[in-house]
Amino acid sequence: MLETPESRDKDVNICFESYPQSWYPICLSKSLTHSKVLVQKAFGRDWILFRDKSSNVGMLSRHCSHMGTDLVSAKIVNGALQCPLHHWLYDTQGQCNYSQGNRFERGFSSYLHTRERYGVIFAFWGKEPLFELPNFNNLAKPLTSNPSILVCDMPLIMMGINGYDTVHFDTIHHRPLQESPKIYSDEKYHLAINYNAIVKPVSFYDKLILIADKKTLTIQLDCWGGNYFLVNNVGTDFYAMAAGLPVDSKKTHIYIIGAVPESQSFLKRIILDKIKTYFSGLLAVDFLKPDMKVLNNIAPDFNHPFIRNDAVLNSFINYWKHLPALRGN
Ligand code: FES
Ligand SMILES: [Fe+2]
């Protein structure tokens, strides 16, 4: 079918106003206790989070499905969320039993499926998870750093565009590519980019790499669902995860975690692994900070020939457009 200006505009709206059905980081595990509800903004709307007695996390619409009472002042009673107005009790799947006169009815609220990993609570944007929360490749037992959160005024899609913007590898990260990157996909929700970059003595991390006598670095970046990225600095012990949450169509929170493999020797496990894990988190954040400076308030035009003619960028944009997505508010 011929591409018309109208269909191009429709494509562009898809980039900003819909979010792929994927796993999104919502908040830090430690910020959600058993005794209090938490309000979080995600996908342009407000959500209520709470824990049941088994520590499962519920993520429900902020307003009660009965008469719309704000659940920010809800109580947690026996692990269920109690609406302050007529005391309906919701479980973590948004289900509730209630009595109406002498009848028993069943109510429900919109909810998202949740998972908890690496000290972060994730939720699947969609009715049912279309794929499981991905693990680090080649790491049976990853040791992970404390999560960090970077806040950026940019649409979520820019996170992926940045990962596939080969020009900025040199201008921002001072790592020019040796040759064109390899791009491939194992399945619908996955897109990988693999490239060899020349290391220059500019960033702290790259100076360390040069001290270790590595003049080039192979990077493997696996994207899942358009927003969840796993990074492997091939040949080193340093891995990272970066996952974006669209707070709304213009603001994105990026959750970052560094990871290292667990050592075989007991002595290394109790001393060296802790230091390496800590540094993996620092290095991952350090690598992304220069990106955040220039991506703030970015206003890309996806119809511009410079973007439309960049084959690598377009591989990401096309992948994104074919992901099943839902509109936010
Ligand atoms: S408004 Fe929540 S139970 Fe009635
Ligand atoms: Fe970058």
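The long axis of helix 272-295 is offset from the longest Cα principal axis of the chain by roughly 90 degrees.
Pairs 30/293; 30/53; 215/289; 41/250; 53/75; 182/215: which are spaced more than 18 Å apart, C-alpha to C-alpha?
Values: 30/293 28 Å; 30/53 16 Å; 215/289 23 Å; 41/250 13 Å; 53/75 14 Å; 182/215 20 Å.
Those over the limit are 30/293; 215/289; 182/215.
Residues of segment 49-82 falling in the label zone of residue 95, defined by backbone nitrogen less than 12 Å from a point 7 Å along Cα to beta-carbon, are absent.
Here the gap between residue 215 and residue 167, fully extended at 0.36 nm per residue and compared with their Cα-Cα distance, gives a gain of 15.3 nm.
Each part reduced to its alpha carbon centroid, segment 130-153 and segment 307-327 end up 23 Å apart. Report the local net charge at residue 234: Lys and Arg +1, Asp and Glu -1, summed over other residues whose C-beta lies under 14 Å from its C-beta. With Lys, Arg at +1 and Asp, Glu at -1, the neighbours total +1. For segment 129-158, the residues whose amide N sits under 19 Å from a probe point set 7 Å from the Cα of residue 250 along the beta carbon direction are 151-158. The order of 238, 316, 266, 306 by accessible area, most exposed first and with a 1.4 Å probe, is 306, 266, 238, 316.
Before I look further, what does segment 159-210 give for accessible area per residue, probe 1.4 Å, in whole square angstrom? Mind dumping the intermediate values first?
On the way: 2450 Å² over 52 residues.
Result: 47 Å² per residue.
Here the spin labels are modelled as points 7 Å beyond Cα on the Cα-Cβ line, and at residue 55 and residue 274 they lie 2.1 nm apart.
Normalising by the residue count of the chain, find the relative contact order in percent from Cα pairs under 8 Å and 6+ residues apart. Display every interim value, and only then the final one.
On the way: 674 pairs, mean separation 68.2, N = 329.
Reported as a whole number, the value is 21 percent.
If DNA, RNA and ligands are ignored and the probe is 1.4 Å, what is the ranking of 51, 117, 327 by accessible area, most exposed first?
On the way: 51 20, 117 60, 327 155 Å².
These residues rank, largest area first, as 327, 117, 51.
Helix-only arithmetic for the chain: the sum of -39500 (n - 2.57) across DSSP H runs with n ≥ 4, divided by the residue total, places the mean residue ellipticity at 222 nm at -7000 deg cm²/dmol.
Ignoring any ligand, DNA or RNA, what whole percent of the accessible area of the chain comes from carbon and sulfur when the probe is 1.4 angstrom? Spell out each step's value before the answer.
Numbers: 8990 of 16450 Å².
Answer for the chain is 55 percent, counting heavy atoms of protein chains only.
Please give me the summed charge of the neighbours of residue 121: other residues whose Cβ is under 13 Å from its Cβ, Lys and Arg +1, Asp and Glu -1. Kindly include the intermediate steps, with their values, before the conclusion.
Working: positive: 30, 51, 115, 117; negative: 116.
Residues close to residue 121 contribute a combined charge of +3.
For residue 143, the residues whose amide H sits under 5 Å from its own are 260, 262, ignoring neighbours fewer than 5 places away on the same chain, with H placed 1.01 Å from N. Against the longest alpha carbon principal axis of the chain, how many degrees, from 0 to 90 and to the nearest 10, is the axis of helix 5-17 turned? Roughly 70 degrees between the two axes. Seen from every direction in turn and averaged, the convex hull around the alpha carbons of the chain projects onto 20.1 nm².
The values are calculated or read from the model by the stated rules, or taken from the named source; none is laboratory data. None of these values were measured; they are calculated from a predicted model. We place every Cβ from the backbone using ideal geometry, glycine too, and count neighbours over all the protein chains shown. Only protein heavy atoms, including side chains, enter the accessible area calculation; ligands, DNA and RNA are left aside. Shrake-Rupley method; radii C 1.70, N 1.55, O 1.52, S 1.80 Å.
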